[in-house]
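**Q** If you scroll down you'll find the structure; I have some questions about it.
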Amino acid sequence: MKTTGQLLQENRLVKKLDVSEVARITKIRQHYIIFLEADDYRQLPNATVTKGFIKNYGQFLGLNTNYLLAVFRRDFVENPAGQIVPRGMVEPVTKVNLWTPKSTVIALVVLLFTLFGGYLFYQYSQLLGPPMLELSTPKSDIQTKETTIEVFGRTDPEATILVNNQSLVLDKGGQFSVRLPLLPGENIITIIATSKTGKSTTLNRKVTLTSSLFVP
């Protein structure tokens, strides 16, 4: 889009007027007219005088002065020092500080509610979901020459635990242990943890007895 200076110069040239003639008729000094057409407003006294020059020059050329001034305001603004500069180069006199003590308190309250809501959601999901079940021993698909093997693990303290259909008592931390006899060959150990809501978690371990005392 054209600037105010370009519009003034373009219409002056259409009317085949030179700068000196415009200066004589409008009583605007010739060098000010040159600055206006070049949009070099730093060379002009101040915004009020500049707007007056634009209005007088525009009226002389038969232009819509309201439009010319609107274009001027679109592209330029007066800074705190009274200079006319391109719009966007002026920093606000005072910067608004959005972070206030009130906003800090609000942020902390929102954070606390978020953490509390997350905790409630975690507890709710734990209540409705299947119980946690971890097994330290035995590892899966192992071979041994021992005729017994220890089963040791951990589950939710409120759950019940079955190891090969044998009910075990959990300690306060939800740990359990039992030693099971092994038969020659492949043995499948099944551990089932069941929550109060009836949801269950199952782990299976395969243990192979390879002692030469037994013949599969």
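The values are calculated or read from the model by the stated rules, or taken from the named source; none is laboratory data. Remember, predicted model here, so these are calculated numbers, not experimental data. Because the Cβ atoms are built from the backbone with ideal geometry, glycine has one as well, and the counts that use them run over all protein chains shown.
**Q** Quick one: which residue in T190, T144, T155 is closer than 16 Å to T210 by Cα and of a type in the set (V, I, T)?
**A** Result: T144 is the single residue among T190, T144, T155 that is closer than 16 Å to T210 by Cα and of a type in the set (V, I, T).
**Q** Sticking with this one: Residue check: is G118 in contact with a strand residue (DSSP E or B) (Cβ under 7 Å, 6 or more places away or on another chain) and more than 27 Å from T208 (Cα to Cα)?
**A** Taking the combined requirement at face value, the residue does not satisfy it.
**Q** Can you confirm whether the stretch 131-140 contains a residue that is in contact with a Ser or Thr (Cβ under 9 Å, 6 or more places away or on another chain), modelled with pLDDT of 90 or more and surrounded by fewer than 12 Cβ atoms within 10 Å (Cβ to Cβ)?
**A** no
**Q** Looking only at the stretch 183-203, filter to residues that are assigned to a loop (DSSP other than H, G, I, E, B) and among the charged types (D, E, K, R); which one of those is farthest from the chain's Cα centre (by Cα)?
**A** Restricting to residues being assigned to a loop (DSSP other than H, G, I, E, B) and among the charged types (D, E, K, R), the top hit is K196.
**Q** Sticking with this one: Checking E21 against (1) acidic (D, E); (2) part of a loop (DSSP other than H, G, I, E, B); (3) over 53 Å from the mean Cα position of the chain (by Cα), which single condition isn't satisfied?
**A** All conditions are met except number (2).
**Q** For the stretch 45-64, which positions are among the hydrophobic types (A, V, I, L, M, F, W, C), part of a helix (DSSP H, G or I) and over 15 Å from K16 (Cα atoms)?
**A** Matches in the stretch 45-64: A47, V49, F53, I54.
**Q** I'm checking my understanding of the structure. Among residues of the stretch 141-177 that are among the acidic types (D, E) and part of a loop (DSSP other than H, G, I, E, B), which one is surrounded by the most Cβ atoms within 10 Å (Cβ to Cβ)?
**A** That would be D156.
**Q** With the structure loaded, tell me whether L180 is free of Cβ contacts under 8 Å to residues at least 60 places away in the same chain and part of a loop (DSSP other than H, G, I, E, B) or whether it fails that test.
**A** Answer is no for this residue.
**Q** Restricting to the stretch 74-99, give me the number of residues that are of a type in the set (V, I, T) and modelled with pLDDT of 75 or more.
**A** Summing the residues that are of a type in the set (V, I, T) and modelled with pLDDT of 75 or more in the stretch 74-99 gives 3.
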